[in-house]
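The values are calculated or read from the model by the stated rules, or taken from the named source; none is laboratory data. Quick caveat: nothing in here was measured; it's all calculated off a predicted structure. Using ideal geometry, Cβ is built from the backbone for each residue, glycine included, and neighbour counts are taken over all protein chains shown. Note: areas computed on protein heavy atoms with side chains; ligands, DNA, RNA excluded. Shrake-Rupley method; radii C 1.70, N 1.55, O 1.52, S 1.80 Å.
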Amino acid sequence: MDERRESGHGRRFLYAGIFLVAQAALMLEILLTRITSVVSWYHLAFFVIALAMLGMTAGAVVVFVRPGWFAQAAIGRRLESSARWGAIAAPLAAAWVMATPLMPVVDLMGFVALLGVGAALALPFGMFGVTLTLALTRAGLPPGAAYGVDLVGASLGCLLVIPLLDLMDAGSAALVASSLAALGAASFALAAGARGRALMGLVTACALVALAGLNSAGEPPALRPAWVKGKLEDVGSLEWIAWNTHSRIDISWTKSAPPMLWAAGRATPISALAPRPTRVLRIDGAAATPIVALGAGPHDHEYLDWDVSTAVHRLRPAGPAAVIGVGGGRDVLAALRSGHEAVVGIELNEAIVAAHQGKLADFSGISRLPGVRLVHDEARSFLSRDQGAYEVITMSLIDTWAATGAGAYSLSENGLYTTEAWEIFLRRLTPTGIFTVSRWYQPGSPGETARMIGLAMETLWRRGAADPLAHLAVLQQGTVATLLLSPSPLSAGDLDTMQREAALRGFNVLVSPRRRPANPLIAAVTAQKSSAALAAWAAEQTLDLSPPSDARPFFFNMLRPSGWLARREAVDALDLAFLGNLRATQTLVFATGVSLLLTLGAIVGPLWLRRGALSGIKGGSLAAACGYFALIGLGFMFVEMGLISAIGVFLGHPTLALAVVLGGIILATGIGSLLSGRVTVETGRWAWLYPLAPALLVTATELGIGPVTAHFVGEPTAVRVLVSLGLLAPSALAMGLCFPLGLRLVGRAASLGELGPWLWGLNGAFGVSASGLALGISMVAGIGVTMGLGALCYVGLLPCVWALRRA
């Protein structure tokens, strides 16, 4: 291996192996995020993926604790075998999670079951952790070059997932990703001159690709989620299933059923609820919306008039209309039925638009109706660029609970519920137009409705409205509240019409300029007379009812830190049980706690096991090395999570955000790593100050990201992508310097040389823990604070660098 590795030919194969395994690992992480979001709920998906990624740390720790298994003469064989077994284990782990019912954690045994799934997923990542740790610390490659190739491969893996999920289902895509790891194993074998094992890797890769093709062609695929949201899925009831990086869409076969209404008025006539040919469209197996056959046309859908979410059309029955979230098409039909001659349906999920224009073109019929235009775009982005003026903009119950590929806790709907977003929506209305939003209503604890009203009031104050309550009204029926919000005060005629229609159809007038709300919480929020008063009042509430902004875009996550450890029953009482958004925050806290405990084990356990061999290391040097790699793990993830949240809101579309934000950060970091060889950190007089570069650039990015994104929010997609890359690239490039330079500093100290694998694992463990910490901090204090803490972590590297240079 040594002679082969020393040759340029052997090194190229080593770099190819690193590239392919890193590419496969990131692809599998994204694919498993998608799979677990279908099988389980998005907050449990975060937990499971966090556990899986700790497998990378476990692999590094194994290399450190068992050096006899990885003697220098055996490095080539271990590189090949760990990559190959990781390639074999990955689809098996994916099959395990798709075959296991994941239920909400309500007791110890549920928690143990969740840990079991996480452990199964950690197995292939543990194998890949061994591979990459050996390649970066024991293969004799320059640290900067090896780490740079690792990151470049990971970034391209991020990009490859997007077209892959457009071509096939997630199970088949996992097989393809695993084949790349098998090719990486073949590359390592060629680097060692072992052609027989290289052939074995190639055969494994070809077999995995063949299996992917057979699985994808299956109707249904054999490797698919058997359990969805805790229930055994009846595949025979589904006519069509489509995957993408945003979600999994499925559509049922046609059945005759009464039309589903979000909240039917108490006076709804029985005749309106006569059974109709209906299909059900589901997003990630949970968020469901009905698709009723078009029949004779929009006038054939009388039932829509009796739903509280369509009340706006009694006040504004004509003029251009826009619908945010096409779903099954009911809001488009409601607008056409009332008399709107032009309706734009804006849908984030390309699979839904494709279904209406293809598979469902004859059934739903909305894509072929005169005046209807379906747009595949993010609503905020589209309406920023659009120059039209609408009489009505509708946003009814837009929450898919679908984790995006950028992270299991990244909900694409977050950017629609901020003051900045609502200012955009109001600007797209005519002076007397109405923006209507329907949200869930819990009579005993109407926190979501109260937060929606507070968000409307804050938006109006920002626009200069003297009396926000003159501009809004809220109707309620059952578990749904519908906000009517206008740039101008609602007229006396508007209020008369609203009251008349509410009485006729059986709706409750929850908020009106003419009456004080009866519900105490709703009355309290509407009693606030200024933005400052609203903020002070919100700070005293049990739930976080402050108006979300782009700096803290977490509308759905209202649980305060004081409630993070509360009993499940107490939390469920504050929310509609089926939503689970408050419980999601608790799960994030538990996941972070478990990650921290496992990280502590990754620090203490290996050092205890190797205490004899490390007795010669000075305490100061060991502390400096530990602090250095822990801080870059924390700092990198704090900055990455902050950028994903901020730029994700700016770009809007989750698939695009995945490619640009996650892929862009990793690619720029890889380039920085490749450039690290130019920094003479060992001897340069001022070179030890290099951690100031990421610290200062992250600070500058945090200060500039708000004004820059606000200036370019209305630009075409290509321009916004370039702006996003320009914002994140300098910080990521500078952050890429730190890991390889740290390895070089540790490598110079003879007593620290053996710590390389353990420090690599330590870095990964702190990175996984920091993902939960970063999200929690962003929810409580805002994205800016999270990025600021990331910058401080890099400043904290300075004493570590000084100590390591002296060592």
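A few points about this structure:
- The listed residues are Val161, Val117, and the only one of them that is within 12 Å of Ala24 (Cα to Cα), in contact with a Leu (Cβ under 8 Å, 6 or more places away or on another chain) and β-branched (Val, Ile, Thr) turns out to be Val161.
- For His299, the conditions (1) open to solvent by 30 Å² or more (accessible area, probe 1.4 Å); (2) in contact with an Asp or Glu (Cβ under 8 Å, 6 or more places away or on another chain); (3) without any contact (Cβ under 8 Å) to a residue 40 or more places away in the chain; (4) part of a helix (DSSP H, G or I) all hold with the exception of (2).
- Among residues of the stretch 410-431 that are closer than 15 Å to Asp550 by Cα, those with a beta-carbon under 6 Å from a residue that is among the aromatic types (Phe, Trp, Tyr) and modelled with pLDDT under 95 at least six positions away or on a different chain give the pairs Tyr417/Phe555.
- Looking only at the stretch 472-496, and only at residues there that are more than 34 Å from the chain's Cα centre (by Cα) and closer than 19 Å to Leu429 by Cβ, the one that is surrounded by the most Cβ atoms within 10 Å (Cβ to Cβ): Leu490
- Residue match in the stretch 788-807 (condition: in contact with a helix residue (DSSP H, G or I) (Cβ under 8 Å, 6 or more places away or on another chain), buried (at least 24 other Cβ atoms within 10 Å of the Cβ), under 23 Å from Gly593 (Cβ atoms) and hydrophobic (A, V, I, L, M, F, W, C)): yes
- The residue that is surrounded by the most Cβ atoms within 10 Å (Cβ to Cβ), among those in the stretch 533-547 that are among the aliphatic types (A, V, I, L, M) and part of a helix (DSSP H, G or I), is Leu534.
- Identity of the residue in the stretch 355-401, in a loop (DSSP other than H, G, I, E, B) and in contact with an Asp or Glu (Cβ under 6 Å, 6 or more places away or on another chain), that ends up farthest from Trp422 (Cα to Cα): Gly371
- Remark: pairs (first residue in the stretch 793-805, in contact (Cβ under 8 Å) with a residue 12 or more places away in the chain; second residue assigned to a loop (DSSP other than H, G, I, E, B) and of a type in the set (D, E, K, R); Cβ separation under 8 Å; 6+ apart in sequence or on different chains) = Arg805/Glu682.
- Failed condition for Ala502, given (1) crowded, with 20+ Cβ neighbours inside 10 Å; (2) touching a Ser or Thr at 6+ places or on another chain (Cβ under 7 Å); (3) small (Gly, Ala, Ser): (2)
- Set Leu598, Leu631, Leu622: member being among the aliphatic types (A, V, I, L, M), part of a helix (DSSP H, G or I) and modelled with pLDDT under 75: Leu598
- Of all residues in the stretch 455-471, those satisfying the criterion of being in contact (Cβ under 8 Å) with a residue 12 or more places away in the chain and open to solvent by less than 30 Å² (accessible area, probe 1.4 Å) are Leu455, Ala456, Met457, Glu458, Thr459, Leu460, Pro468, Ala470, His471.
- Number of positions in the stretch 151-195 that are open to solvent by 10 Å² or more (accessible area, probe 1.4 Å), under 30 Å from Gly756 (Cβ atoms) and more than 21 Å from the chain's Cα centre (by Cα): 9
- Count of the stretch 268-296 residues which are out of contact with any Lys or Arg (no Cβ under 9 Å at 6 or more places or on another chain), open to solvent by less than 20 Å² (accessible area, probe 1.4 Å) and of a type in the set (Gly, Ala, Ser): 2
- Checking Pro443 against (1) of a type outside the set (S, T, N, Q); (2) open to solvent by 40 Å² or more (accessible area, probe 1.4 Å); (3) assigned to a helix (DSSP H, G or I), the condition it does not meet: (3)
- The set of residues in the stretch 679-714 that are modelled with pLDDT of 85 or more, among the aromatic types (Phe, Trp, Tyr) and outside any helix (DSSP H, G or I) contains only Tyr690.
- Any hit, the stretch 578-586, residues being more than 19 Å from Asp399 (Cβ to Cβ) and either open to solvent by 60 Å² or more (accessible area, probe 1.4 Å) or at pLDDT 65 or above (or both): no
- Contact annotation: residue pairs with Cβ atoms under 9 Å, 6 or more positions apart or on different chains, pairing a residue in the stretch 151-167 that is without any contact (Cβ under 8 Å) to a residue 60 or more places away in the chain and assigned to a helix (DSSP H, G or I) with a partner that is surrounded by 24 or more Cβ atoms within 10 Å (Cβ to Cβ) and among the hydrophobic types (A, V, I, L, M, F, W, C), are Leu167/Ala173.
One line per residue, one yes/no per condition, for (1) open to solvent by 10 Å² or more (accessible area, probe 1.4 Å); (2) touching a residue at least 40 places away in the same chain (Cβ under 8 Å); (3) closer than 30 Å to Arg248 by Cβ:
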| site | (1), (2), (3) |
| --- | --- |
| Leu656 | yes, yes, yes |
| Val681 | no, yes, no |
| His711 | yes, no, no |
| Thr717 | yes, yes, yes |
| Leu722 | yes, no, no |
| Ser731 | no, yes, no |
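- Tally of residues being surrounded by fewer than 19 Cβ atoms within 10 Å (Cβ to Cβ) and either among the aromatic types (Phe, Trp, Tyr) or touching a residue at least 24 places away in the same chain (Cβ under 8 Å) (or both) across the stretch 366-376: 5
- The lone criterion from (1) of a type in the set (A, V, I, L, M); (2) at pLDDT below 85; (3) surrounded by fewer than 24 Cβ atoms within 10 Å (Cβ to Cβ) left unmet by Leu114 is number (3).
- Some residue of the stretch 318-326 being among the aliphatic types (A, V, I, L, M), surrounded by fewer than 18 Cβ atoms within 10 Å (Cβ to Cβ) and at pLDDT 95 or above: yes
- Residues of the stretch 691-706 satisfying the condition of being farther than 18 Å from Ser724 by Cα and crowded, with 21+ Cβ neighbours inside 10 Å: Pro691, Ala695
- Assessment of the stretch 715-727 against the conditions (in a helix (DSSP H, G or I), β-branched (Val, Ile, Thr) and over 26 Å from Gln387 (Cβ atoms)) yields no matching residue.
- Restricting the first member to the stretch 48-63 and to residues that are surrounded by 24 or more Cβ atoms within 10 Å (Cβ to Cβ), and the second to residues that are at pLDDT below 85 and not in a helix (DSSP H, G or I), the beta-carbon pairs closer than 6 Å and six or more apart or on different chains are Ile49/Ala408.
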